[in-house]
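In what follows, a single structure is set out as structure tokens and then discussed.
Nothing in this text is a laboratory measurement; each read-out follows from the coordinates by a stated rule. Everything quoted here is computed from the prediction, not taken from an experiment. All Cβ positions, even for glycine, are placed from backbone atoms using ideal geometry, and neighbour counts span all protein chains on display.
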There are 2 protein chains.
Amino acid sequence: MDSPVITPPPSTASQVHDWLRRRVQRGDLAPGARLSETEIANEIGTSRQPVREAFIRLAGDGLAEVRPQRGTYISKISVSAVLSARLIREAVESDLARMIATQRPARVLAAMREEIDHQRRADDRAEVEAFIESDDRFHRLLAAGAGHEAVWNDLERLKAQMNRLRHLSMRAFDRAHTIRQHVDILDALEAGDADAAERALRTHLRQMLTELPRIAVQKPEYFTE
Amino acid sequence: MDSPVITPPPSTASQVHDWLRRRVQRGDLAPGARLSETEIANEIGTSRQPVREAFIRLAGDGLAEVRPQRGTYISKISVSAVLSARLIREAVESDLARMIATQRPARVLAAMREEIDHQRRADDRAEVEAFIESDDRFHRLLAAGAGHEAVWNDLERLKAQMNRLRHLSMRAFDRAHTIRQHVDILDALEAGDADAAERALRTHLRQMLTELPRIAVQKPEYFTE
DNA sequence: GCGGCTTTACTTGTATGGAAGTATGGCTTA
DNA sequence: TAAGCCATACTTCCATACAAGTAAAGCCGC
């Protein structure tokens, strides 16, 4: 019998932290934007302390920088950090794809097919947020299918950097292109062709290498390095 | 002309954080150990607030858990987290090794050879800490050689979990074995044989798969999952 | 002896005031 | 006009007090 998991009621600080993190990832808070303990505290009706602690956690996520006596700012998107994160994802997901190609777990492959359908619908309706979430689930299934779902959580911090970029760059063309590449990956996995799956996956993730410069030129004030 | 990089004086909170993190990684603070804001504050002569903020950062590193109204504890070593971290490292370093094998940057290869000498000396003198540090530098050179040193920083959080295990498991036999495997890797890199380098590296990192169960049985109270 | 309640000593969470550092705009002075 | 000083209005950091929840020891009644 499973024991129920007892979770303590979320503290003010952690709620503020979650709220800020979501806003940063969605691009609602722009890179370089200034935050103020006092201002947010007044806004939500608490003292400065919980807000301050939320800032510390946000800095721990790499999404903000606290400069003593000067102010707290949303981190700009570091080009080199994005490139590193991308390289890591490519390496890890390649290995995961090879594992799946040899095991071909039916339920996971079916779930991936379903996500692709989901992405088609989201694309038709131009629902950007839903598309991104399904895209995330598709890649998460790679880890789950290989029996290493925990890997995905470890990459959370890295993905945070890439997610901000994705919210900036997502266009209708990109979505259609992404779906085609997902199909290529899944076809190779279902065929049990590890080499083809790895190639398709690396191609897919290298897409970002062409998007990054485009966005960096378009919104240079959002980037560093 | 390079401008000097201005770093603000380290705050009390960040100093406490650094201190705690080092102690956790060296195994000085055992997994499951209890921490107290008040106790540490009195010990170092400050108020609870900076200590508390150091706890928050430590929790962000995945090295502690703050349980509201109950206490703060050093995280136990999560078996699944270690396995995930290992899998990620294997995937990433394999790719890095392949890059180096094709480029063969002379200075980096020489530096790696030097680190191996360093490791031999540390092994002779049974200097565990020095050995581990050199081991770290050896692997870091993989990233640097491939022109992606930033990757290594991104893996810092993952390595933190593995480092604690390494401090628990390090024996004279392991050190000698590690050195031999480092030589295998470097030989393959210098020969420009990407496949051999990848094989040697994966073999090396899979060593942990045999060490983990041994330690987990020996000190079960340090582990979860 | 033993189950259950109460007290008490802890824990972390939040509020608030002041200290110290930084940036900015305006004034002074040449 | 322009350079330099200075007051002022911020910022984060730290200290302190109090609030609220937890856990364990001890007492009480049976």
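Considering only B:Gly71, B:Gly32, B:Gly45, the mean-square fluctuation computed in a Gaussian network model of chain B, springs between alpha carbons under 10 angstrom, is largest for B:Gly45.
Between identical copies, the spacing of B:Trp19 label points, each set 7 Å from Cα toward the C-beta atom, reads 3.4 nm from nearest to farthest. For segment B:12-75, the dipole from Cβ point charges (+1 on Lys and Arg, -1 on Asp and Glu) about the Cα centre works out to 100 debye, to the nearest 20.
Answer rounded, prolate or oblate for segment A:139-216, using the Cα gyration tensor with square roots of eigenvalues a ≥ b ≥ c: rounded when a/c is under 1.5, else prolate when a/b is larger than b/c, else oblate. Judged from the Cα gyration tensor, segment A:139-216 comes out oblate (a/c at least 1.5, b/c at or above a/b). Coupling constants for segment B:102-116 follow from the phi torsions by the Karplus curve (6.51 cos²θ - 1.76 cosθ + 1.60, θ = phi - 60°), and in residue order they are 8, 8, 6, x, 4, 5, 5, 4, 5, 5, 5, 4, 5, 5, 5 Hz; glycine and proline get x.
Taking label positions 7 Å along the Cα-Cβ direction at both A:Lys159 and B:Gln218, the computed distance is 3.6 nm, reported to one decimal. Using C-alpha pairs below 8 Å separated by at least 6 residues, the relative contact order for segment B:1-154 is 17 percent. Here the Karplus relation 6.51 cos²θ - 1.76 cosθ + 1.60, evaluated at θ = phi - 60°, turns the backbone of segment B:9-17 into coupling constants of x, x, 6, 4, 4, 6, 5, 4, 4 Hz, with x for every Gly and Pro. Among the residues of B:112-124, the average count of other protein chain beta-carbon atoms within 10 Å of the residue beta-carbon is 0. Taking the protein assembly as shown as the region of interest, the number of lysine pairs whose Cα atoms are within less than 21 Å, with members eight or more places apart or on different chains, is 7.
The antiparallel fraction among DSSP beta bridges confined to chain B stands at about 75%. A helix-only calculation puts the protein assembly as shown at -24000 deg cm²/dmol for mean residue ellipticity at 222 nm, using -39500 (n - 2.57) for each DSSP H run of at least four residues, averaged over all residues. As a proxy for reagent exposure, B:Asp124, B:Asp61 were ordered by neighbouring Cβ count within 10 angstrom, fewest first; the result is B:Asp124, B:Asp61. The H on the amide N of A:Thr72, modeled in the peptide plane, is under 5 Å from the matching H of A:Leu35, A:Arg67, each at least 5 residues off or on a different chain. The label-point distance for B:Asp193 and A:Asp18, in a model that sets each label 7 Å from Cα toward Cβ, rounds to 5.4 nm. For chain B, a Gaussian network of Cα nodes joined below 10 Å ranks B:Gln69, B:Gln103, B:Gln15 by mean-square fluctuation, and the top entry is B:Gln69. Counting only C-alpha contacts under 8 Å and six or more residues apart, can you give the relative contact order of segment A:78-224 as a whole percent? So the answer I get is 39 percent.
Modelled spin-label separation between B:Ser3 and B:Thr102, with each label point placed 7 Å from Cα along the Cα-to-Cβ direction: 3.8 nm. If a spin label sat at a point 7 angstrom from the Cα of A:Arg67 along the line to its beta carbon, the backbone N atoms of segment A:207-222 nearer than 16 Å would be those of A:221-222. Neighbour counts of C-beta atoms inside 10 Å place A:Lys159, A:Lys76 in the sequence A:Lys159, A:Lys76, starting with the fewest. Of the beta bridges in the protein assembly as shown, as assigned by DSSP with both residues counted there, near 75 percent are antiparallel. Each Cα pair under 8 Å and six or more residues apart adds its sequence gap; the mean of these over the residue count of segment A:12-75 is a relative contact order of 40 percent. Note on A:Ile185, A:Ile74: ascending count of other Cβ atoms within 10 Å places them as A:Ile74, A:Ile185, the fewest first.
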